[in-house]
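Beneath this line is the structure, given in structure tokens, with notes to follow.
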Amino acid sequence: MSAADVYWYRFLEITGRDKDEKCAGDINFEAKGFVGDELLSLVLTGKKTAVFTSYAAYEADNEPLPVTGELYVVLDRSEKPRCIIETTGVTIIPFNEVTWEMAQQEGEDENLEAWHEKHKEYLEDEGSVVGFDFVPDIKLVFQEFRVIYTGSL
């Protein structure tokens, strides 16, 4: 059993949830210019409450989109479970319609222009690997979340 599984079952036990409740998966946060643990720190302090992902990446991986109410175990860069988050909203939005209010929820950028620059570069890099071209109205998955558990193993 993985550390994420142990953490999940401990969370279910401590919170009194149904022992058959399913975890949507484990995730870690990465971004250009940040190491995963810096982003994790933003999550744990409540400064990061959302993430953007390209819709094309979900399609390429044949992966279902996140759903409101799903729970994920968040791992640090050494694969140690650090918290559990709950998805509180999922919106499909074109890149060029992202507002500063939305971008601020990622907790990483000083202004919308910096957000656009960083994400455009990321999407261009990802597109060269996954097989899509960046266009200003490329669809993004905007996933909002909240931390619901921060216990230790």
Considering the stretch 107-126, residues that are within 20 Å of ALA57 (Cβ to Cβ) and in contact with a Ser or Thr (Cβ under 8 Å, 6 or more places away or on another chain), and then whichever is least open to solvent (accessible area, probe 1.4 Å), we arrive at LEU123
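Every residue, every condition in (1) farther than 25 Å from LYS19 by Cα; (2) assigned to a loop (DSSP other than H, G, I, E, B); (3) at pLDDT 95 or above, yes or no:
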site: PRO66; (1), (2), (3): no, yes, yes
site: ARG77; (1), (2), (3): yes, yes, no
site: THR87; (1), (2), (3): no, no, yes
site: ILE92; (1), (2), (3): yes, no, yes
site: GLU124; (1), (2), (3): yes, no, yes
site: ASP137; (1), (2), (3): yes, yes, yes
site: VAL141; (1), (2), (3): yes, no, yes
Filter the stretch 143-153 for residues that are in contact with a helix residue (DSSP H, G or I) (Cβ under 8 Å, 6 or more places away or on another chain) and modelled with pLDDT under 95; the one that is least open to solvent (accessible area, probe 1.4 Å) is GLY151
request  = Could you check, for the stretch 14-24, whether at least one of its residues is modelled with pLDDT of 95 or more, at positive phi and surrounded by fewer than 16 Cβ atoms within 10 Å (Cβ to Cβ)?
outcome  = yes
Practice item. For the stretch 55-78, state whether one or more residues are of a type in the set (D, E, K, R) and in contact (Cβ under 8 Å) with a residue 60 or more places away in the chain. Key: no
ask   = Taking the condition free of Cβ contacts under 8 Å to residues at least 60 places away in the same chain, surrounded by fewer than 19 Cβ atoms within 10 Å (Cβ to Cβ) and either part of a strand (DSSP E or B) or aliphatic (A, V, I, L, M) (or both), does LEU42 pass?
value = no
The lone condition ALA60 fails out of (1) in contact with a helix residue (DSSP H, G or I) (Cβ under 8 Å, 6 or more places away or on another chain); (2) within 16 Å of PHE145 (Cβ to Cβ) is (2)
Quick one: is VAL129 aliphatic (A, V, I, L, M) and touching a residue at least 40 places away in the same chain (Cβ under 8 Å)?
no
Is it the case that some residue within the stretch 15-36 is part of a helix (DSSP H, G or I) and more than 13 Å from GLU144 (Cα to Cα)?
yes
If we keep only residues of the stretch 43-60 that are of a type in the set (A, V, I, L, M) and closer than 14 Å to TRP100 by Cα, then the residue farthest from the chain's Cα centre (by Cα) is ALA50
Taking the stretch 47-64 and keeping residues under 19 Å from TRP115 (Cβ atoms), assigned to a loop (DSSP other than H, G, I, E, B) and open to solvent by 20 Å² or more (accessible area, probe 1.4 Å) leaves LYS47, THR49
Just a yes or no: is a residue in the stretch 69-87 within 13 Å of the chain's Cα centre (by Cα), among the hydrophobic types (A, V, I, L, M, F, W, C) and over 16 Å from GLY25 (Cβ atoms)? no
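The values are calculated or read from the model by the stated rules, or taken from the named source; none is laboratory data. Everything quoted here is computed from the prediction, not taken from an experiment. Glycine gets a Cβ as well: all are built from the backbone with ideal geometry, and neighbour counts include every protein chain shown. Keep in mind that these areas ignore ligands, DNA and RNA; they rest on the heavy atoms of the full protein, side chains included. Shrake-Rupley method; radii C 1.70, N 1.55, O 1.52, S 1.80 Å.
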